[in-house]
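Enquirer: Following this message is one structure expressed as structure tokens.
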Amino acid sequence: MPRPRDLARRERVPSPTRSRPAAPPATPVRIALTSTSFPEQLVRAPTPEETTGLATQLLAVNALTERHLGRSLSNDDTDLALLQEILDRGIVDPTKTHELQCLGIVFGGRLIDAVEGFDWYFVEDEYGVEPALRFAASRVLLFPLTMISKRVERGEHVHVRAMFDETIARVAEMAAIAERVH
């Protein structure tokens, strides 16, 4: 079972320059960029309580995989297959938003481990506070808690691996563009 040591990151790989072939997800991955059109948006590091909350959600998914699949999360890419199996078997009801968002914590953890420069942050705006992944002190934000949940709630079939690969490829493209600009 993974340790929640600030949502434990193990080995990191440099930002990807390649993407693996995969079927495209049902809904394209959208990456948010903060901008001056959202002056009330604040991006900040998580508080200790928020970090504990993320770890608790991670542990909830681990309990779910142990109970329904007989396997624990391993903090590697096999976790993506476990998420897919949970979704394919309908283990989490599409109306259980919180449980679906817990799956997004695992997805976000895999992104952190796959792309050097990602880390958990919290975004505060007029709608509330939400965890996000921020790329290397940039304006690039991902919201992994809702990347899975919104698709499931809309009745879409989620291709976890394809969404993961597309997300990494899009971030790599944006990083390359940012390097050319600077």
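What follows is calculated from the coordinates using simple rules that are stated; it is not laboratory data. Keep in mind it's a predicted model, so treat the numbers as computed, not measured. Glycine gets a Cβ as well: all are built from the backbone with ideal geometry, and neighbour counts include every protein chain shown.
Enquirer: I need 73, 80 ordered by Cβ neighbour count within 10 Å, fewest first.
Expert: Least to most surrounded, the residues fall as 80, 73.
Enquirer: Arrange the following residues from fewest to most other Cβ atoms within 10 Å of their Cβ: 82, 133, 42.
Expert: 42, 82, 133
Enquirer: From the convex hull of the Cα coordinates of region 101-150, what is the mean projected area in square nanometres?
Expert: For region 101-150, the mean projected area of the Cα convex hull comes to 3.4 nm².
Enquirer: Between residue 125 and residue 89, what is the label-to-label distance in nm when each label sits 7 Å out along the Cα-to-Cβ direction?
Expert: 3.6 nm
Enquirer: To continue, here is another question. For a protection proxy built on the mean count of beta-carbon atoms within 10 angstrom, sort 84-91, 117-124, 143-150, 155-162 highest first, please.
Expert: My ranking of the peptides, most packed first, is 143-150, 117-124, 155-162, 84-91.
Enquirer: Which of rounded, prolate, oblate describes region 42-181, given a ≥ b ≥ c as roots of the alpha-carbon gyration tensor eigenvalues and a/c under 1.5 marking rounded, otherwise prolate only if a/b is larger than b/c?
Expert: prolate
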